[in-house]
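This report concerns only the one structure given below.
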Amino acid sequence: MEHVAQLPTSGAETGIPGTESSRIELAELLPAGEVITNPESMERYSHDEGEWAPYGTPLAVVRPADSAQVQAVVRWCIEHRVPVVPRGGGTGLSGGANAVDGAVIVSFEKMNAIRRIDPVERLAVVEPGVINDHLRAACADVGLWYPPDPASAPWSTIGGNVATNAGGVCCVKYGVTKDYVLALEVVTGTGELVRVGRQTAKGVAGYDLAALMVGSEGTLGLVTEITVRLRPARPAELTVVGFFETLVGAGEAVAEVARRGVVPSALELLDKHCLKAVNDWKNLGLEAESEAILLARLDAPGAAGDAEADAVLSCFESAGATWSARSEDADEADALFAARRLAYPALERLGPVLTEDICVPITMVPHMLQRIQEIGEQHDVLIANIAHAGDGNLHPLLITDPGDEPAQIRAQEAFAVIVTEALACGGTVTGEHGVGLLKRDGLAAEISPAVAELHRALRRALDPYGILNPGKVIAG
Ligand SMILES: Cc1cc2nc3c(=O)[nH]c(=O)nc-3n(C[C@H](O)[C@H](O)[C@H](O)COP(=O)(O)OP(=O)(O)OC[C@H]3O[C@@H](n4cnc5c(N)ncnc54)[C@H](O)[C@@H]3O)c2cc1C
């Protein structure tokens, strides 16, 4: 990975009192042991999972226990003009949590309490370091459901999910993180600790600042508490599986499901490279001869669910599935969805993976899948595909051999061409992973100069000293 340094870090230019004295001052703001400065220990906090995104060397990693400590750290950073990089689980795929030189990394791992689950108001109040799966499990214990379910749910945090507006498998029917955020507590770039949003089911007083914070990737504030909306637990889902001879055929089936007006609770695509990688790793015994499979889930209760499952099956058949069926075996269905979740780590075992994340209109899914294949061939790069296909959210995964630099350059070129193609299809450069570092050029291509200036104006208003996650999303 190349080096990244976004802010001047010499004491003379920034007012930083010198590395050692800075670290001593920081240590006075936090409980003993919660300021990490050892280079080996800091390394694992210095980057996320976004292959090839550059990162720098932090001044320190801090692990605050509460909002007051976060605020104290941010105020110290303002005083000394030191960059602040918030960090959740570090599972991001765009370099958003990557260190810049001389930054203080604020890791939220110690702020991991679920403060309240209210079954009557149907909301939960959590600290930002709560792992997504932990919240979902705690809600399930009382008959409630927190829907946003990124495939990283066992490792990613609610704070990180909010900062990236994470999507997931059930979002095709139930929406993404922003649809569940009611209120936030935030430390802004002026060092204020503020509450935005509200805990009522409705509310329109003032600008929707909570919504503005969602997806802001740590550039507008550090989220220190989150109130999320919950839903009642839902009935068991039915699963429909389809095997396809071509990726485009699978894409046609996705478009057909949308045309028929069926809304599945999941519609995921995996290609043969993913199935093989998972099989080789976990020995799940999955059939990996077909070019692609589609996994659909339907959660309407009773006869309505049966009718939806039949409709999806008929869409798969009419789009040319070589084999499709309702899965009657819950274990088999779970194994297929487990393969979906394991696809990314399984492919990572083959070599560096450059993860794309584009979203196109549903009707353009077949065309985009076709173009991804062509782009892979033109650049001589292996591209595996997983997708939240029902949303048009495609994740081509560009895989190269470790140490093969020419192949890595070709992969980066292919990555850029895919982004251009997504825009040409009326799509967006990132469906759910965020801009971070890897999609800055893509964002610049997607938005007009006037809209870019609106972004900068908002950033200046909330981060007037330019210390919050500098260099990410959009240049200041
Ligand atoms: C195997 C795998 C599967 C994945 N599947 C999905 C998926 O299905 N859907 C999806 O959307 N993403 C997915 N991702 C990407 C990633 O998990 C999400 O972006 C996730 O929301 C990041 O959460 P995190 O806690 O790891 O945050 P991090 O990676 O630590 O940080 C992400 C961003 O949020 C900022 N941030 C973190 N915490 C805070 C805070 N408290 N306040 C302000 N800013 C903060 C960081 O500065 C950074 O910009 C996947 C990643 C992996 C590795």
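The values are calculated or read from the model by the stated rules, or taken from the named source; none is laboratory data. Quick caveat: nothing in here was measured; it's all calculated off a predicted structure. No Cβ is skipped: glycine too gets one built from the backbone with ideal geometry, and neighbour counts run over all protein chains shown. The protein model used for the area step is the full one, side chains on, heavy atoms only, and it has no ligands, DNA or RNA in it. Shrake-Rupley method; radii C 1.70, N 1.55, O 1.52, S 1.80 Å.
One residue stands out among those in segment 140-170 that are more than 8 Å from the ligand (Cβ to nearest atom), out of contact with any Ser or Thr (no Cβ under 9 Å at 6 or more places or on another chain) and farther than 21 Å from residue 223 by Cα: the one that is least open to solvent (accessible area, probe 1.4 Å), which is 144. Of everything listed in (1) open to solvent by 10 Å² or more (accessible area, probe 1.4 Å); (2) of a type in the set (A, V, I, L, M, F, W, C); (3) under 26 Å from residue 175 (Cα atoms), the single unmet condition for residue 399 is (3). Going through (1) open to solvent by 10 Å² or more (accessible area, probe 1.4 Å); (2) on the phi < 0 side of the Ramachandran plot; (3) within 16 Å of the chain's Cα centre (by Cα) one by one, residue 129 falls short only on (1). Of all the criteria given as (1) more than 13 Å from the ligand (Cβ to nearest atom); (2) more than 15 Å from residue 222 (Cβ to Cβ); (3) in contact with a strand residue (DSSP E or B) (Cβ under 7 Å, 6 or more places away or on another chain); (4) not small (Gly, Ala, Ser), the one not satisfied by residue 77 is (2). Please tell me if residue 175 is within 11 Å of the ligand (Cβ to nearest atom) and out of contact with any helix residue (DSSP H, G or I) (no Cβ under 7 Å at 6 or more places or on another chain). Judged against the criteria, residue 175 is not a match. Counting only strands (runs of 3 or more DSSP E) wholly contained in segment 268-355, the ones carrying 1 or more residues that are within 16 Å of the ligand (Cβ to nearest atom) and either within 22 Å of residue 235 (Cβ to Cβ) or open to solvent by 70 Å² or more (accessible area, probe 1.4 Å) (or both) occupy 292-298. Within segment 105-125, the set of residues being within 12 Å of the ligand (Cβ to nearest atom) and of a type in the set (Val, Ile, Thr) comprises 105, 106.
Going through segment 434-461 one residue at a time, which ones are of a type in the set (A, V, I, L, M, F, W, C) and either open to solvent by 40 Å² or more (accessible area, probe 1.4 Å) or in a loop (DSSP other than H, G, I, E, B) (or both)? So that I can check it myself, show each step before the final result.
Pass one, segment 434-461, residues of a type in the set (A, V, I, L, M, F, W, C): 435, 437-438, 443-445, 447, 450-452, 454, 457-458, 461.
Hits for segment 434-461 are 435, 437, 438, 444, 445, 447, 450, 451, 454, 457, 458, 461.
Kindly indicate whether residue 294 is under 22 Å from the mean Cα position of the chain (by Cα) and not polar (S, T, N, Q). In short, yes. Residue-level check: of (1) open to solvent by less than 10 Å² (accessible area, probe 1.4 Å); (2) in contact with a Cys (Cβ under 7 Å, 6 or more places away or on another chain), residue 256 misses just (1). The single condition among (1) open to solvent by 30 Å² or more (accessible area, probe 1.4 Å); (2) closer than 17 Å to residue 51 by Cβ that residue 420 does not satisfy is (2). Taking every residue in segment 375-388 that is open to solvent by less than 20 Å² (accessible area, probe 1.4 Å) and pairing it with any residue that is basic (Lys, Arg), at least 6 positions away or on another chain, the pairs with Cβ-Cβ distances below 8 Å are 381/410; 386/340. Mind listing whichever residues of segment 188-226 are more than 14 Å from the ligand (Cβ to nearest atom), under 24 Å from residue 119 (Cα atoms) and either more than 18 Å from the chain's Cα centre (by Cα) or open to solvent by less than 20 Å² (accessible area, probe 1.4 Å) (or both)? Once the filter is applied, which keeps residues that are more than 14 Å from the ligand (Cβ to nearest atom), under 24 Å from residue 119 (Cα atoms) and either more than 18 Å from the chain's Cα centre (by Cα) or open to solvent by less than 20 Å² (accessible area, probe 1.4 Å) (or both), segment 188-226 yields 195, 197, 198, 199, 200, 201, 202, 203, 204. Applying the selection to segment 126-139, what residues are in contact (Cβ under 8 Å) with a residue 60 or more places away in the chain and away from the ligand (no atom under 16 Å from the Cβ)? Selection gives 139 alone.
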